[in-house]
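Some notes on the structure that comes next.
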Amino acid sequence: DTEQTRAEDALRESEERFRLVAESAPVMLWMGDPEAKCLYLNRAQREFWGVDLEAIPQFDWNSTVHPDDREVLFEPFGEAMQSHTGFSVGARYRRADGHYRLVQTNAQPRFGSGGEFLGMIGVNVDITEARRAELALRRETRILEILNRTGAAMAAHLAPARLVLAVTAAGLPPR
C-alpha cells in the first residue's frame, strides 16, 4: 500500500508539474480528439480565442478560421487526421477581439497505450508581426535593387564627370 501511495503521489505531482508548464507556456497549446473537437486549450490559447475553461467542450475552433484559409488549413489537417501523421500549416484565425491573426500550427498525433488514435496535440504560434516584417523587408530589398540597377544603368550611359555631378547632386538638399 505504501508503494502504491508513493506511486500515486508521484503521478499526481508529475501531472501538476505538466499542468503548470502547459498553462504558463508562452505559446498556444491544444489537444483535440479523433473528431477534431477541443479537449484542452492552455491559457494562451483560451485568451487568444476568448474561451472560458468550462466552454472548451462546446467550442468550435473551425468557426474562427478565415474563410479564404479554410482549404489551406483543412486539406493538410484532414490528411493528417486520416493518416494519423503530423502536420504543419499557416492560416488566419479570428482572435477574441475580432482581428484575424496569421497562426503557424504544428501538430502531432496522439496514441493510446493500445496504439489507438486519440487525436492531435499541437502548438500554435502567432506569426503575424514576423510575416509583416518579412514582407516589409522584401519591399525594401526590391526598392534597393531597383535603385541599384538604375544607378548602374546611369553609370553606363554617362561620362565619369557627369556621373560624379549627378551623384553629388542627388545627395544635396533641394534648393
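Assign one of three labels to the range 44-125, namely rounded, prolate or oblate, based on the Cα gyration tensor with a ≥ b ≥ c the square roots of its eigenvalues; rounded applies when a/c is under 1.5, prolate when it is not and a/b is larger than b/c, and oblate otherwise. Could you put the intermediate results ahead of the total?
Working: a/c = 2.23, a/b = 1.38, b/c = 1.62.
In terms of gyration-tensor shape, oblate.
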Need one word for the range 58-105: rounded, prolate or oblate. Basis is the Cα gyration tensor (sqrt eigenvalues a ≥ b ≥ c); a/c below 1.5 gives rounded, then a/b vs b/c decides.
prolate
Between F111 and Q82, what is the spin-label point distance in nm, taking each point 7 Å from the Cα along the Cα→C-beta axis?
2.0
Between R131 and Y40, take the C-beta separation as r, use R0 = 25 Å, and let me know the FRET efficiency to the nearest 0.05.
0.35
Non-local amide H neighbours of H66 (under 5 Å, H modeled in plane, Pro and chain starts lacking H): which ones?
R92, Y93, R94
Tell me, in nm to one decimal, what length is gained between E75 and E54 on full extension, where the rule is 0.36 nm per residue of separation less the Cα-Cα distance?
4.6 nm
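Counting heavy atoms of the protein chains only and a 1.4 Å probe, report the per residue accessible area for the range 67-136 as a whole number of Å². Working shown, then result.
Numbers: 3950 Å² over 70 residues.
With all protein chains present, the range 67-136 gives 56 Å² per residue.
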Kindly rank 121-129, 79-87 from highest to lowest mean number of other beta carbons found within 10 Å of each residue.
121-129, 79-87
Karplus-derived 3J(HN,Hα), 6.51/-1.76/1.60, for each residue of the range 61-78, Hz, glycine and proline x:
5, 4, 5, 8, 6, 4, x, 6, 9, 4, 5, 4, 7, 6, 5, x, 5, x
Using the alpha-carbon centroid of each, what span in Å lies between the range 58-101 and the range 7-57?
19
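The values are calculated or read from the model by the stated rules, or taken from the named source; none is laboratory data. Given the structure is predicted, the values throughout are model-derived calculations rather than measurements. Positions of Cβ are generated from backbone atoms using ideal geometry, with glycine treated the same way; all protein chains shown enter the neighbour counts. Please note that ligands, DNA and RNA were not included when accessible areas were found on the heavy atoms of the full protein model with its side chains. Shrake-Rupley method; radii C 1.70, N 1.55, O 1.52, S 1.80 Å.
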